[in-house]
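Asks: One structure follows; several queries about it will come next.
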Amino acid sequence: MDTPQPTPEEMQARVLHRDGLMLVIDKPAGIAVHKGPKGGPNLEASFDALRYGLPRPPVLAHRLDRDTSGCLVLGRHRKATASLGLLFKHGKIDKTYWAVVEGSPEANEGEIDIPLGRLDAERGWWQKPDPNGLPSRTTWKVMGRGDGLTWLAMEPITGRTHQLRVHCAASGWPIVGDNIYGNGPRFGEPSLHLHAREIVIPLSKNKPPVRVVAPAPAHLHERLKACGWNGEDTEVHPVIASEAKQSTLG
């Protein structure tokens, strides 16, 4: 899946939450968040469309893989971005991903505790299970089952690169379309069936956490429905908070 450079209008249509401190956007699959060494489309190049009156464009508070879709958090100014960075670093932000995997876990829920390390220097960020690697934990719950497929809700307790992808593959049920750790094709369909479904951000001390849900993208619909998803996204409702009330921290 190769996604072209988003237009300003397309970027603005993907804003799920906006306040004076941050934006949460619905990242499309198939586009990198950063400009890579080979160039090509990337989300950062379109952030100028998301200034909404501020002097500078927002900046990434964390990252998602190129082929992962869903909730992506941006800080709107330096102080907010620093605060968000600390929340991510110390595991204060709750993230739920939807994945469709090949095969079927025996249990209906569980925890994966498999340390991860770098595969090798040539493969950059690619990871592997490594007893001497960094602690890596993921909780998961079965949302539905289909013919040879399972729909999971996954919550990474730690935030390692490719953690969910490696943990699923190492458990014997790789994510559909994973062309690094699973059986996905290098080009074409199916593309990676991993979606950052929900994020909960306790950014302001005196206000409840901000909860944002990203709708299931089109390329997941067929296999989600095969696992019992009813096709509804009733929890998704874009929120534009009052920027005047939310423009200071804590």
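The values are calculated or read from the model by the stated rules, or taken from the named source; none is laboratory data. Please read these numbers as outputs of a predicted model, since none were measured by experiment. Heads up, the Cβs are rebuilt from the backbone with ideal geometry, glycines too, and the neighbour counts pull from every protein chain shown. These area figures cover heavy atoms from the full protein model, side chains too; ligands, DNA and RNA do not enter into them. Shrake-Rupley method; radii C 1.70, N 1.55, O 1.52, S 1.80 Å.
Asks: How much length would be gained if the chain were fully extended between residue 134 and residue 221, taking 0.36 nm per residue of separation minus their Cα-Cα distance, in nm to one decimal?
Replies: Numbers: separation 87, 0.36 × 87 = 31.32 nm, distance 3.40 nm.
That works out to 27.9 nm of additional length.
Asks: With a 1.4 Å probe and every protein chain left in place, work out the accessible area per residue of the chain in Å², rounded to a whole number.
Replies: Roughly 51 Å² per residue, with all protein chains present.
Asks: So how far, in whole Å, is the C-alpha centre of segment 180-219 from the one of segment 1-73?
Replies: If we compute the Cα centre of each part, the gap is 13 Å.
Asks: Just grab the label-to-label distance for residue 189 and residue 92, each label 7 Å out from Cα along the Cβ direction, in nm (one decimal).
Replies: Distance between label points: 4.3 nm.
Asks: List the GluC sites (Glu not before Pro) within segment 47-138 that fall in a DSSP loop (any state other than H, G, I, E or B) and whose Cβ has at most 16 other Cβ atoms within 10 Å.
Replies: Here the GluC sites (Glu not before Pro) that fit, given the DSSP loop and packing criteria, are 106.
Asks: Give me the percent of accessible area attributable to carbon and sulfur for segment 67-192, probe 1.4 angstrom.
Replies: Ligands and nucleic acids excluded, carbon and sulfur reach 49 percent.
Asks: Residue farthest toward the positive end of the dipole of segment 8-227, with Cβ of Lys/Arg at +1 and Asp/Glu at -1: which of 176, 149, 218?
Replies: Result: 218, furthest along the dipole toward the positive end.
Asks: For residue 107 and residue 157, what does the FRET efficiency come to when R0 = 22 Å and r is the distance between their Cβ atoms, rounded to the nearest 0.05?
Replies: Details: r = 18 Å, r/R0 = 0.80.
Between residue 107 and residue 157 the formula returns 0.80.
Asks: If I stretch the segment between residue 179 and residue 10 completely, what's the gain in nm (0.36 nm per residue apart, minus their alpha carbon distance), one decimal?
Replies: Gain in length upon complete extension: 58.1 nm.
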